[in-house]
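Colleague: One structure is given below, represented as structure tokens, and several questions about it will come after.
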Amino acid sequence: GGKLTDLSDAGCPEGTDISVRSIFFNVPARRKFLRTAATELSHCVEAVSRQIMCRPDIDAEVLHDGKTILRAPAVETIAERAAALLGAHGKALVPVTFEEGPLAVTALLSPVGVHRSSSRGASYLYVNGRYVQDMVLRRAVREAYRGLVPKGRHPTVVLDVSIPPDHVDVNVHPAKTEVRFRFAYDLTEAVGRGLR
């Protein structure tokens with residue numbers, strides 16, 4: 001309930017365990033906006049998937065009511081991680097890397113003919129290794145696939161854009177998922193062109 005109840009040293013193996021129980025028990029205003037347990041669980045699993053997609057070196061497991069919901073052992077490459085997390089769509093992804101000026105892009109892209117009916121879980125966008133929900137990068141992906149994906153369908157994309165830190169502002173939103181680019185138009189053009 002917002003009170004620190006215990007702080008002590010503990011010997012334990014490497015890694016981090018995070019347990020969440022009755023998270024909004026004392027905040028009825030927030031609790032009433034929660035969806036079903038299954039919906040909230042899917043949001044949690046998606047949040048974990050976003051964090052570990054670009055970190056193949058991390059071994060992660062999500063348990064719910066004693067059952068394993070997600071198991072992602074450490075692997076060598078992001079392609080292996082995408083295959084494990086995204087199933088058939090992840091296995092079909094094609095690796096792409098390119099550089100243009102200070103911009104370096106590493107991506108896994110749906111080949112032509114592989115697409116999804118929903119945009120949910122289709123795009124994993126990162127800037128300097130940080131997950132973002134950014135319209136500039138989404139627009140670049142949309143432009144790259146224009147005419148290649150049927151209307152209403154969505155390609156699966158894992159995209160990590162590396163740019164100098166002074167070219168991006170990560171302090172736009174408290175959750176740090178929205179960013180602002182210094183040269184947004186140039187970035188959209190370069191990424192879209194490179195992906196295409």
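The values are calculated or read from the model by the stated rules, or taken from the named source; none is laboratory data. Note that this is a predicted model, so its numbers are computed, not measured. When we count neighbours, we look across all protein chains shown, and the Cβ atoms used for this are built from the backbone with ideal geometry, even at glycine. Areas reflect the complete protein model, heavy atoms only, side chains present, ligands, DNA and RNA absent. Shrake-Rupley method; radii C 1.70, N 1.55, O 1.52, S 1.80 Å.
Colleague: What number of residues within segment 72-89 are free of Cβ contacts under 8 Å to residues at least 60 places away in the same chain, among the hydrophobic types (A, V, I, L, M, F, W, C), surrounded by 12 or more Cβ atoms within 10 Å (Cβ to Cβ) and not in a loop (DSSP other than H, G, I, E, B)?
Modeller: 5
Colleague: Filter segment 172-196 down to the residues that are in contact with a Lys or Arg (Cβ under 9 Å, 6 or more places away or on another chain) and open to solvent by 40 Å² or more (accessible area, probe 1.4 Å) and list them by number.
Modeller: Residues satisfying the conditions are Val172, Lys176, Arg196.
Colleague: Just give me the residues in segment 151-171 being open to solvent by less than 80 Å² (accessible area, probe 1.4 Å) and assigned to a loop (DSSP other than H, G, I, E, B), in sequence order.
Modeller: Gly152, Pro155, Thr156, Ile163, Pro164, Val170
Colleague: Take segment 155-179 and flag every residue that is of a type in the set (D, E, K, R) and either at pLDDT 95 or above or touching a strand residue (DSSP E or B) at 6+ places or on another chain (Cβ under 8 Å) (or both).
Modeller: Asp160, Asp169, Lys176, Glu178
Colleague: Does Val105 count as out of contact with any strand residue (DSSP E or B) (no Cβ under 8 Å at 6 or more places or on another chain), closer than 21 Å to Pro155 by Cβ and open to solvent by less than 80 Å² (accessible area, probe 1.4 Å)? Before the answer, list the steps.
Modeller: Details: out of contact with any strand residue (DSSP E or B) (no Cβ under 8 Å at 6 or more places or on another chain): no; closer than 21 Å to Pro155 by Cβ: yes; open to solvent by less than 80 Å² (accessible area, probe 1.4 Å): yes.
In short, no.
Colleague: Residues to consider are Thr39, Thr97; find the one that is open to solvent by 70 Å² or more (accessible area, probe 1.4 Å), under 20 Å from the mean Cα position of the chain (by Cα) and under 30 Å from Pro150 (Cα atoms).
Modeller: That would be Thr97, the only listed residue that is open to solvent by 70 Å² or more (accessible area, probe 1.4 Å), under 20 Å from the mean Cα position of the chain (by Cα) and under 30 Å from Pro150 (Cα atoms).
Colleague: Run down Gly113, Gly147, Gly129, Gly121 and say which single residue is surrounded by fewer than 17 Cβ atoms within 10 Å (Cβ to Cβ) and at pLDDT below 90.
Modeller: Step by step, each of Gly113, Gly147, Gly129, Gly121 is checked, and only Gly113 is surrounded by fewer than 17 Cβ atoms within 10 Å (Cβ to Cβ) and at pLDDT below 90.
Colleague: Name the residue that is farthest from Leu187 (Cα to Cα), counting only residues in segment 92-150 that are polar (S, T, N, Q) and assigned to a loop (DSSP other than H, G, I, E, B).
Modeller: Taking segment 92-150 and keeping what is polar (S, T, N, Q), we get 97, 106, 110, 117-119, 123, 128, 133.
Subsequent filtering for residues that are assigned to a loop (DSSP other than H, G, I, E, B) retains 110, 117-119, 128, 133.
Working: Ser110: 21, Ser117: 27, Ser118: 26, Ser119: 22, Asn128: 14, Gln133: 15 Å.
This residue is Ser117.
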